[in-house]
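A short worksheet on the structure shown next.
The values are calculated or read from the model by the stated rules, or taken from the named source; none is laboratory data. If you're wondering where the values come from, they're calculated on a predicted model, not measured in any experiment. Cβ placement follows ideal geometry from the backbone for every residue including glycine, while neighbour counts extend to all protein chains displayed.
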Ligand code: G6P
């Protein structure tokens, strides 16, 4: 049994909802929570003697202390951080989601470089550092996640020089050309912040090389023999493509609730073909191009009129940011128009749900559909693609995947498309629908094998093994 693990992320893995009976918990959405939560439920449960997850609850302090008494059924403890409302607004909606998120996903025109955003970002990162420093022991492993907390490794290192700190970025790291669009002083602070970690993880080798290039261009730091030397410490940056708990998805069809959900969706499907997509409502997810492609597919393949249904689930997200809220309205309008112009009294081409999806419904849809459409304009990894493949224990179904998702580097047997090419996407839908079942099985089994070998447990093991090596090397060189 190892030591204590402190997971740190902006969002905690549970969201609290108030209802008539009191409070209920729901797993928070997004890839970070799915992956790290799955690891803690799986192998991670036994690997560390004690686990703590630090983050900002999505309710105020009073509700948190009442509601979180049973830890939402988890076997780890929470360390809640409560920034002031205005700091949180400028740190989360502001710097994190109106600067780093759009820029790192190649939407530079949506970034708003307001100095007060960066000031709040610094203050909230500092607040995390303060709170963590009150509980940290010398032999803890602190694993910091994602773009909200890029300054935290450096702040923690200053306060606790000897501890083990790891950082993992769940979104793309953009090309150095794009990173240098950020005001120069902020570039330096962000990079030096991340360099407080001993190990810095990214999803793909490409993101690692972008990061290394940015170190070179922005702060004149070069990697030598696979290590970055910074303030007399040797640090490693490497690729660890995040994954899922393969066995959970592979075995889900055995669960009664999943098979009931699947039956419900099969009844809706009837003798039609079914396409399925699910994403958070985000401009990076390419939802409009996907709808345009489906519309074009219907126009160019009239034989499918009345014989296909597209179930599109959009999960609410970051609605207080304009770029998100205005999209909701436009999606509603687009689907309304498409259904009214292409549909008939007895047939609705797009069935659209704007809500969170339970595990059973998600699995019911993964296993009932013929085609999964995962077509982001840019995505760090995209776990939906991996979940769909893993849940197809029947070796049936086709994945259409954007080559702009990190997952495309691993899922090369999917039908890869450019999400900006609506015509190509429409043609690929037709290829997918016509694909021979043996070919579907051949493609799926190769991808399933690959995900089962590098599942979320292998991902974390790989990460911690590398972290251990870095620490051993630092000890040998007598540097920390
Ligand atoms: C992405 C990010 C996560 C984030 C999730 C949901 O997956 O990498 O850090 O938690 O989106 O977004 P939200 O803003 O609701 O936390």
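Working only within segment 288-310, note down all residues that are out of contact with any helix residue (DSSP H, G or I) (no Cβ under 6 Å at 6 or more places or on another chain) and at negative phi. Of everything in segment 288-310, those that are out of contact with any helix residue (DSSP H, G or I) (no Cβ under 6 Å at 6 or more places or on another chain) and at negative phi turn out to be 288, 290, 294, 299, 300, 302, 303, 304, 305, 307, 308, 309.
To keep it simple, each residue is scored yes or no on (1) modelled with pLDDT of 95 or more; (2) more than 16 Å from the ligand (Cβ to nearest atom); (3) out of contact with any helix residue (DSSP H, G or I) (no Cβ under 7 Å at 6 or more places or on another chain).
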| site | (1), (2), (3) |
| --- | --- |
| 13 | no, no, no |
| 61 | no, yes, yes |
| 86 | yes, yes, yes |
| 95 | yes, no, no |
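Taking the conditions (1) at pLDDT 85 or above; (2) farther than 11 Å from residue 13 by Cβ in turn, residue 36 satisfies each one other than (2). For segment 224-249, a tally of residues being under 20 Å from the mean Cα position of the chain (by Cα) and outside any strand (DSSP E or B) returns 10. Counted as qualifying within segment 250-350 are the helices (runs of 4 or more DSSP H) with 3 or more residues that are within 17 Å of residue 371 (Cα to Cα), namely 256-269, 287-300.
Rundown of residues vs (1) under 18 Å from residue 145 (Cα atoms); (2) within 16 Å of the ligand (Cβ to nearest atom); (3) within 19 Å of the chain's Cα centre (by Cα), yes/no style:
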residue	(1), (2), (3)
163	yes, no, no
171	yes, yes, yes
181	no, no, no
185	no, no, no
189	yes, no, no
206	no, no, yes
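Scanning segment 61-79 for any residue that is buried (at least 20 other Cβ atoms within 10 Å of the Cβ), in contact (Cβ under 8 Å) with a residue 60 or more places away in the chain and under 18 Å from residue 148 (Cα atoms) turns up nothing. Considering only segment 403-425, state which residues are crowded, with 24+ Cβ neighbours inside 10 Å and under 16 Å from the mean Cα position of the chain (by Cα). Correct list: 405, 406, 407.
Residue check: residue 54 meets all listed conditions (1) crowded, with 22+ Cβ neighbours inside 10 Å; (2) assigned to a helix (DSSP H, G or I) but one, namely (2). Among the residues of segment 97-118, those identified as without any contact (Cβ under 8 Å) to a residue 60 or more places away in the chain, more than 16 Å from the ligand (Cβ to nearest atom) and not in a loop (DSSP other than H, G, I, E, B) are 109, 115, 116. Among the criteria (1) within 18 Å of the chain's Cα centre (by Cα); (2) closer than 18 Å to residue 242 by Cβ, the one residue 56 does not fulfil is (2). Please give the number of the condition residue 17 fails out of (1) over 18 Å from residue 248 (Cα atoms); (2) within 16 Å of the ligand (Cβ to nearest atom); (3) touching a residue at least 24 places away in the same chain (Cβ under 8 Å). Tallying (1) over 18 Å from residue 248 (Cα atoms); (2) within 16 Å of the ligand (Cβ to nearest atom); (3) touching a residue at least 24 places away in the same chain (Cβ under 8 Å), residue 17 fails exactly one: (3). The requirement of being modelled with pLDDT of 95 or more and within 16 Å of the ligand (Cβ to nearest atom) is not satisfied by residue 309. Scanning segment 276-319 for residues that are exposed (fewer than 15 other Cβ atoms within 10 Å of the Cβ) and either under 20 Å from the mean Cα position of the chain (by Cα) or under 14 Å from residue 353 (Cβ atoms) (or both) yields 316, 319.
Could you list, in sequence order, the residues of segment 28-42 that are within 14 Å of the ligand (Cβ to nearest atom) and in contact (Cβ under 8 Å) with a residue 60 or more places away in the chain?
The initial filter retains those residues of segment 28-42 that are within 14 Å of the ligand (Cβ to nearest atom), namely 28-38.
Within segment 28-42, 29, 30, 31, 32, 34, 35, 36, 38 meet the criteria.
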